[in-house]
Amino acid sequence: MEKMSRVTTALSGSALTGRTMHCHLDAPANAISVCRDAAQVVVAGRSIFKIYAIEEEQFVEKLNLRVGRKPSLNLSCADVVWHQMDENLLATAATNGVVVTWNLGRPSRNKQDQLFTEHKRTVNKVCFHPTEAHVLLSGSQDGFMKCFDLRRKDSVSTFSGQSESVRDVQFSIRDYFTFASTFENGNVQLWDIRRPDRCERMFTAHNGPVFCCDWHPEDRGWLATGGRDKMVKVWDMTTHRAKEMHCVQTIASVARVKWRPECRHHLATCSMMVDHNIYVWDVRRPFVPAAMFEEHRDVTTGIAWRHPHDPSFLLSGSKDSTLCQHLFRDASQPVERANPEGLCYGLFGDLAFAAKESLVATESGRKPYGGDRRHPIFFKRKLDPAEPFSGLASSALSVFETELGGGSMSWFVDTAERYALAGRPLAELCDHNAKVARELGRNQVAQTWTMLRIIYCSPGLVPSTNLNHSMGKGSSCGLPLMNSFNLKDMGPGLGSETRLDRSKGDTRSDTVLLDSSATLITNEDNEETEGSDVPADYLLGDVEGEEDELYPLDPEHVHPEEPEYVLPQEAFPLRHEIVDTPSGPEHLQDKADSPHVSGSEADTASLVPVDSSFSLLSVSHALYDNRLPPDFFSVLVRDMLRFYAEQGDVQMAVSVLIVLGERVRKDIDEQTQEHWYTSYIDLLQRFCLWNVSNEVVKLSTSRSISCLNQASTTLHVNCSHCKRPMSSRGWVCDRCHRCASMCAVCHHVVKGLFVWCQGCSHGGHLQHIMKWLEGSSQCPAGCGHLCEYS
Amino acid sequence: MAEGEHEVRWDGLCSRDSSTRETALENIRQSVFRKAEYLRSMKETLHRPSDGLSNAVSLDGLNKLLAHLLMLSKRCPFKDVREKSGCILKSVEELGIRIPRPLGHGPSRFIPEKEILQVGSEDAQMHALFADSFAALGRLDNITLVMVFHPQYLESFLKTQHYLLQMDGPLPLHYRHYIGIMAAARHQCSYLVNLHVNDFLHVGGDPKWLNGLENAPQKLQNLGELNKVLAHRPWLITKEHIEGLLKAEEHSWSLAELVHAVVLLTHYHSLASFTFGCGISPEIHCDGGHTFRPPSVSNYCLCDITNGNHSVDEVQINSAGNISVSDSFFEVEALMEKMRQLQACRDEEEASQEEMASRFEMEKRESMFVFSSDDDEVTPTRDVSRHFEDTSYGYKDFSRHGMHVPTFRVQDYCWEDHGYSLVNRLYPDVGQLIDEKFHIAYNLTYNTMAMHKDVDTSMLRRAIWNYIHCMFGIRYDDYDYGEINQLLDRSFKVYIKTVVCTPEKVTKRMYDSFWRQFKHSEKVHVNLLLIEARMQAELLYALRAITRYMT
């Protein structure tokens, strides 16, 4: 004892010094507490209870308070606290419900002073009064808090929280009579020590248990609470109702919270599970911790600031059986590691990015958008001199507008909406999609579709493939011939594409192509009026496409027409043979010249057999019908899909994948397919093409994709009368016992399509609401909400 | 050919809209009659032996339909469906086709049918629960019908189960049911296995898997070991078990999947306890739940035979019960008196620390020996045993074999602080649901004991809860284990021990012989405590291992 007091006097008065250090304990710690002289720390746990002196370079064990050979549960500590007025006085809370006080001034080896066995369950927390020498408060699992006067044998008063268990009790530092207690059910209560009959105030602070609380050392009435819901909240208790001032979202349940001395907005937290680090937060910046201590290898169980007026020393005990002193200057600062660069596309193609100021300043070529729009997002608050790392993460924000129509993706949207992916025979799907692509001016894609059709739908293949396929064939006997005829018109089409390709490079943008497709459409109109008398050869494809579109709608009507089409088909190949043959090689050359050829071997390769096949039509069919197995092309098709995907046209890759189904799926590995699917679905969703994306999900064969549809299928609705969420059933409200799906216009129960306002929960029949909102902007239910229908 | 084209769809019946239900029923009626007619015409016109097979197949199909209809007529929460399906059955009978009738005596073999709530007489709250359950699963199972003694708990239970099986989660649906089957099979619980085999097939599971664990993917096979240890000796789970599952290259589990699987396993282990503990009868539409034979042939069901419960037993118990009415009356009085005493003298008498520790050890050790005398091995029916290997690995008496259950201190790792946080981190929302379920089960009380009202039963409930945890080596520092000895008598301990550790050995005699004066609803209440405490104990061990693996 004498030695200890000497140490105390030696250190008191001088400024604290030390370094980041740790020492090994024999057992996991549950709690720590610092002596008021800042030179000693007590560590308590299930099988450890020791006092360590904090020296310059190391911790030195001073005293082992566990005496006697027999382990006693009275010594299995859940919490420990050192009196801040009397450096000889300690109190512990035992897991078996006993509160023990310790007097270091006792001459014997056993320093145990008093034993209070009033609690029936584990005592979670003990707390000394900050200024009163003899007042001790305890909070227990049995739901009671007890106030002890150490001069007496038993408790002075008992406070009942009317709840299951008390997790923390803390005397207010500023208000003499007040203490706060937190509960397992999420409540925080404020008590007057003189009024044990009922609490002064009670409010729900967290969802689930509130594990800890701490009064602000300077600001009267500021209380920080931490809970299992991973939040730290700062409450202002001076107002009539406890007001939540700040909320910090951490990544794990909060076990302890301690305000940092001398820094008004800082607090330290540690968590109960999973996360081993100690964080110091600036409550005004709730997303990135100001500092982080990563020394511990297991959960941190106790934290304490070494001195009430020194913000740079933090002590901590952990389940990994170490005691640590952390120096603030050695802390790692997550802000440093944070990436201050950000990039985001706006809805209309605007681009905004934030970058470190220094980087942006040196950049000369770019002009920030507008003078006013340029401002650093991290500089919104005033610089705090106490803030040790201001300016570390300041970024400049720049916004760029895209030139109008430049990066337009309308071709993507159109294609996505108009492509047919399933529900018809393969040949029709291919033709339809080829037509769509051609109309959008994407001739290369169109050609690919046509070729796919030739590859997979030629008559010779039919017997070798499955039943489905042959059914498709049976319904359209003229198809194989149409193939060839389709190819004929590709020559000019290709020509136009390559021309465009040259002018546009790889962008495949529609702006330029639009006019050509427009002409196509007008021609097509002419075409219809002229019937089978076809004037321009390259329009033939469109005629046929048109026929295809009609086909499923009105099969009986179309069938008789088929012979009509077959006849000219016979004639055309002969007539245009000369035109065709050169077109193939020409195309090849063009491809070779064009800037994006690198990955296009697939295309050129897949062209070869096709080219050879249509030089002499009647023979060519026989050629590969008989000799080439269907697998012959699968390599080429696979390469082609890869090529499209690499070019960024994942739409094509996925569409082909879906349309061809089993025929190619086995050649491409699961992962790649999955990758394509997810990219495409992501793109579709960005363009709000929910229906298409859903269809794609549905048609996908990959398990991980198709299960996307089964996730998050819950729709939460509120009752339109009481506006509370309807928890158990979606159609009748538990609270007001009324059917919720009433039409606000006609007051009948809605069956089928129900539309409702997300703002006021009122709604009704789709038709009624549409009609109503045409005439009025207010909610039909008369609630005064300005509903919008879009 | 006739049956292939007209697949019967039951899902329309789950609708809350009565007209939808009616059309669905009408469709069912038509297809039933089509089948019946077809069958009759087959019988009349064709007598060639080659048709015997197809005939049998279609008869089988029809019988399945009829069994399902029978179930609906008894167990559907919607009155219109009950009546209509009853009508269909009657008119089928008039066609000269034999119709099934339910076997056994209501949802539970232990509880007389008249004690259990009849479908149709439930109040609004219960009806809502029934309707929810029916809408989600297309049936109202016997477990639900027994649990409805405690609607507050049932609601939480169904919500949790629904979430585990059907809502967002890392595991695919058929995996979930398969894990349920694996877990139930550990306790040879054919009731749950049958139920989930149906569900498993319904969500598109591969029927091959059902031939045994070795036919399932390697990933699920790896889970077998954890399943085994968790069911019988959860204290042996180490982080090596966890590591083995998480680091198995292409067959490895993710942490989230593992937590989902662990929750499912523990849920079904404890549900198996409930099934046996309350003597749940087979579902009407499952095997063993109905018969096509006329009533005179047999009057007890298969399960009764295997458990040695002949109807003769019942008579004996009854006569014994009559004699000892006054006896058991004193039982309740004595128990209440003990509770009062404990309440009163708690503060005075303070046992020493060593005394407290030894009481726990004693209780733990003793719990090993508490066993029913009839230790005959019930060989599992082949049907169930194929779902798990190593049938011999069961809960064995460890102290007797020199094995020691290590002590697990709740104050160092408890559900509220640690387990919850871990589960909620890896499988969001489920932590919350299970937490609620534990809370409801632990705090559920009506302040009644047998014929007494306004009794504070918290002490008794805590004793039961802690006794179960004690069997698993889980110790509460702040509990005096002497209380257990005072409050729980031997027959009750035998029952608890059997239900929790070897549920397949529970007999009606055991169920009847404890707490003889208590109501059936109170015995079901005890079962709820048992299964939740067991689930928490298993979860604690598994989650602690996962936590250790993570740190």
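Read-outs throughout are calculated quantities, based only on the coordinates presented, and are distinct from any laboratory measurement. Everything quoted here is computed from the prediction, not taken from an experiment. Glycine gets a Cβ as well: all are built from the backbone with ideal geometry, and neighbour counts include every protein chain shown.
Mean partner shielding of peptide B:411-422, defined as the number of other chain Cβ atoms within 10 Å of each residue Cβ, is 6.
Peptide B:471-478 shows a mean partner chain C-beta count of 4 within 10 Å per residue C-beta. Residue order for B:Lys519, B:Lys90, fewest other beta carbons within 10 angstrom first, comes to B:Lys90, B:Lys519. Distances between placed amide hydrogens fall under 5 Å for A:Gly45 paired with A:Asn30, A:Cys77, all partners being 5 or more residues away or on another chain. Residues of the stretch A:266-302 with an amide N closer than 16 Å to a point placed 7 Å from the Cα of A:Glu336 along the Cα-to-Cβ direction: A:280, A:289-295.
Under the rule a/c < 1.5 gives rounded, and otherwise a/b versus b/c splits prolate from oblate, where does the stretch A:104-177 land using the Cα gyration tensor? Judged from the Cα gyration tensor, the stretch A:104-177 comes out oblate (a/c at least 1.5, b/c at or above a/b). Classified by the C-alpha gyration tensor, the stretch A:271-319 has an oblate form. Its axis ratio a/c, with a ≥ b ≥ c, is 1.5 or above, and a/b does not exceed b/c. For the stretch A:20-146, a crude dipole built from +1 on the beta carbon of Lys and Arg and -1 on the beta carbon of Asp and Glu, taken about the Cα centre, is about 660 debye to the nearest 20.
Per-residue Karplus couplings for the stretch A:74-79, computed as 6.51 cos²θ - 1.76 cosθ + 1.60 with θ equal to phi - 60°, are listed in order as 4, 9, 7, 8, 8, 8 Hz, Gly and Pro entered as x.
At full extension, A:Asp667 and A:Glu200 could sit 160.8 nm farther apart than now, given 0.36 nm per residue minus the alpha carbon distance.
With θ taken as phi - 60° and the Karplus curve 6.51 cos²θ - 1.76 cosθ + 1.60 applied, the whole-hertz 3J(HN,Hα) list for the stretch B:269-283 is 4, 6, 5, 4, 4, 5, 4, 6, x, 9, x, 5, 7, x, 4 Hz, x standing for glycine and proline. Electrostatic bookkeeping for B:Leu154 treats Lys and Arg as +1 and Asp and Glu as -1; over the other residues with beta carbon under 12 Å from its beta carbon, the sum is -2. For A:Val166, nonlocal amide neighbours, meaning residues 5 or more places apart or on other chains whose placed amide H falls under 5 Å from its own, are A:Ser140, A:Gln141, A:Asp142, A:Gly143, A:Phe144. Per-residue Karplus couplings for the stretch A:767-779, computed as 6.51 cos²θ - 1.76 cosθ + 1.60 with θ equal to phi - 60°, are listed in order as 4, 4, 5, 4, 5, 4, 6, 5, x, 9, 9, 8, 5 Hz, Gly and Pro entered as x. The overall shape of the stretch A:291-342, judged from the alpha-carbon gyration tensor, is oblate: a/c is not under 1.5, and a/b is no greater than b/c.
What is the sum of charges around B:Cys87, taking Lys and Arg as +1, Asp and Glu as -1, for the other residues whose C-beta is under 15 Å from the C-beta of B:Cys87?
Numbers: positive: B:Arg21, B:Arg29, B:Lys74, B:Lys79, B:Arg82, B:Lys84, B:Lys90; negative: B:Glu22, B:Glu26, B:Asp80, B:Glu83, B:Glu93, B:Glu94.
Spelling it out: positives minus negatives among the neighbours equals +1.
Within a Cβ distance under 9 Å of A:Gly186, other residues only, what is the Lys/Arg minus Asp/Glu net charge? Don't jump to the answer; show the numbers that get you there.
Values: positive: A:Arg228; negative: A:Glu184, A:Asp229.
It works out to a net charge of -1.
Reducing the stretch B:448-523 and the stretch A:14-79 to their Cα centroids gives an inter-centroid distance of 42 Å.
Sorting the segments A:671-680, B:235-244 by their mean number of nearby beta carbons within 10 angstrom, highest to lowest, gives A:671-680, B:235-244. Name the residue from B:His174, B:Pro151, B:Phe134 whose Cα lies farthest towards the positive end of the charge dipole of the stretch B:109-184, charges +1 on Cβ of Lys and Arg and -1 on Cβ of Asp and Glu. Checking the options against the dipole of the stretch B:109-184, the answer is B:His174.
The charge dipole of the stretch A:147-231, taken about its Cα centre with unit charges on the Cβ atoms of Lys, Arg (+1), Asp and Glu (-1) only, comes to about 180 debye. Say the cut-off is 27 Å between C-alpha atoms; which of A:Lys230/B:Lys437; B:Lys79/B:Lys114; A:Lys698/B:Lys74; B:Lys453/B:Lys523; A:Lys125/A:Lys319 go over it? As for pairs spanning more than 27 Å Cα to Cα, those are A:Lys698/B:Lys74.
Of A:Ser318, A:Gly346, A:Phe328, which is farthest along the charge dipole of the stretch A:311-355 in the positive direction, counting Lys and Arg as +1 and Asp and Glu as -1 at C-beta? Working it through, the farthest residue towards the positive pole turns out to be A:Ser318. Once backbone amide H atoms are built at 1.01 Å from N, A:Asp113 has A:Thr101, A:Trp102, A:Asn103 as its partners under 5 Å, excluding neighbours fewer than 5 places away on the same chain.
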